1. Can you tell me which of L215, L254 is within 16 Å of the ligand (Cβ to nearest atom) and in a loop (DSSP other than H, G, I, E, B)?
2. Please determine, by comparing only the residues of the stretch 156-178 that are within 12 Å of the chain's Cα centre (by Cα) and not in a loop (DSSP other than H, G, I, E, B), which one is nearest to the ligand (Cβ to nearest atom).
3. Report whether or not P192 is part of a loop (DSSP other than H, G, I, E, B) and open to solvent by less than 20 Å² (accessible area, probe 1.4 Å).
4. Anything in the stretch 109-142 that is in a helix (DSSP H, G or I) and either away from the ligand (no atom under 14 Å from the Cβ) or hydroxyl-bearing (S, T, Y) (or both)? List them, or say none.
5. Could you check P293 against (1) within 16 Å of the ligand (Cβ to nearest atom); (2) in contact with a strand residue (DSSP E or B) (Cβ under 9 Å, 6 or more places away or on another chain) and say which number it fails?
6. Working only within the stretch 114-130, note down all residues that are buried (at least 23 other Cβ atoms within 10 Å of the Cβ) and touching a Leu at 6+ places or on another chain (Cβ under 9 Å).
7. Need pairs with beta-carbon distance below 9 Å; first residue more than 22 Å from G251 (Cβ to Cβ) and at pLDDT 95 or above and within the stretch 163-176, second within 12 Å of the ligand (Cβ to nearest atom) and aliphatic (A, V, I, L, M); sequence gap 6+ or separate chains.
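The values are calculated or read from the model by the stated rules, or taken from the named source; none is laboratory data. These figures come from a predicted structure and were not determined experimentally. Glycine gets a Cβ as well: all are built from the backbone with ideal geometry, and neighbour counts include every protein chain shown. Side chains included, ligands, DNA and RNA excluded: accessible areas come from the protein's heavy atoms. Shrake-Rupley method; radii C 1.70, N 1.55, O 1.52, S 1.80 Å.
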Amino acid sequence: MSVALVSNSDCGRHDTGWGHPEHVGRLRAIPRALREEPDLYSRIVHVESRHATDDELAIVHDRAYIARVRAIVEQGGGRLDADTVASEGSWDAATAGAGAVLDAIDMAFGDGPPRSFCAVRPPGHHALRGAAMGFCLFGNAAIGAHYARRRHDAERVLIVDWDVHHGNGTQALVEAERDIHFVSMHQWPWYPGTGAAEDRGPHRNVWNVPMSANLPPETYVDALRSAIDAATAEFPPDLVMISAGFDSLRGDPLGAFTLEYEHIEQLTRHLVERAKHWCGGRVVSALEGGYDPDRLAVACVRHLRALE
Ligand SMILES: [Zn+2]
């Protein structure tokens with residue numbers, strides 16, 4: 001049992017409405033696709049995650065922002081930014097999403113599977129210290145990276161973000177920590193407009209890889225692998241985290257990258273092989289974007305298989 005699928009039924013209670021691209025159908029498609037692979041389904045460990053605590057959220061977020069999200073949810077929901085909404089289930093969903101990443105990290109550094117995929121929503125990589133943004137409430141990957149350093153023996157953490165959008169929130173929440181290296185490949189120019197190659201962060205621990213739309217898929221794979229090489233030169237990480245956005249697949253309604261399932265597998269296997277060399281194979285991956293539910297679900301299954 002080398003891989004866990006970490007999720008929480010509360011993630012389905014973040015109700016954005018079916019007209020919103022980040023709807024609950026994205027998550028529901030994943031177990032459906034996984035059941036069509038009964039061998040894989042039976043090999044992986046299924047974990048219902050805990051909820052992150054306020055103190056854990058406050059590793060990266062302002063207390064006032066955490067309180068604001070809770071208050072909006074207690075009022076039955078509302079709008080957090082132009083395209084980010086909360087419903088009465090969103091607090092439980094968002095804290096379960098962050099909690100899933102923390103559980104996966106605890107397992108990786110404890111007696112559990114060294115690798116996990118966290119099937120969670122809302123996503124996290126646009127969330128800022130004091131604001132929701134771009135469908136994201138809390139910075140799941142950034143919280144996890146700092147948590148791994150504080151709670152476990154992780155000195156160095158690598159985060160690889162292959163979502164089609166720049167992980168601006170993750171960058172903002174980790175760039176002050178020189179022992180967290182962040183690699184983000186994203187469409188350029190595109191939402192949210194940040195992530196220029198020259199933007200390396202104050203400690204030069206950020207590798208942004210802005211890429212044109214509609215290039216051959218191998219071009220994206222090669223560019224991301226080169227950036228991973230650069231980010232890990234003389235920096236063998238103790239934990240590899242993946243912000244797994246599947247809106248980088250060909251045909252996604254919110255992106256124009258051209259990756260196919262096989263490229264997700266290639267990138268995953270590459271990181272697993274390198275993690276086995278660096279750190280006993282510890283890889284914690286969490287879902288970010290991906291807005292074609294059927295494609296997203298198949299990609300998650302292929303990603304899980306490649307994590308084995
Ligand atoms: Zn995205």
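1. Going through L215, L254 in turn, the sole match is L254.
2. Applying the filter and picking the extreme gives D161.
3. No; evaluated as a whole, the condition is false for this residue.
4. Within the stretch 109-142, F109, A142 qualify.
5. (2)
6. The answer is R115, S116, F117, C118, A119, V120, R121, P122, P123, G124, A127.
7. Taking only residues 6 or more apart or on different chains, the pairs are N168/M133; G169/M133.
Conditions tested, residue by residue: (1) farther than 24 Å from G290 by Cα; (2) of a type in the set (S, T, N, Q).
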site	(1), (2)
A176	yes, no
P189	no, no
H203	yes, no
L249	no, no
P253	no, no
T258	no, yes
H263	no, no
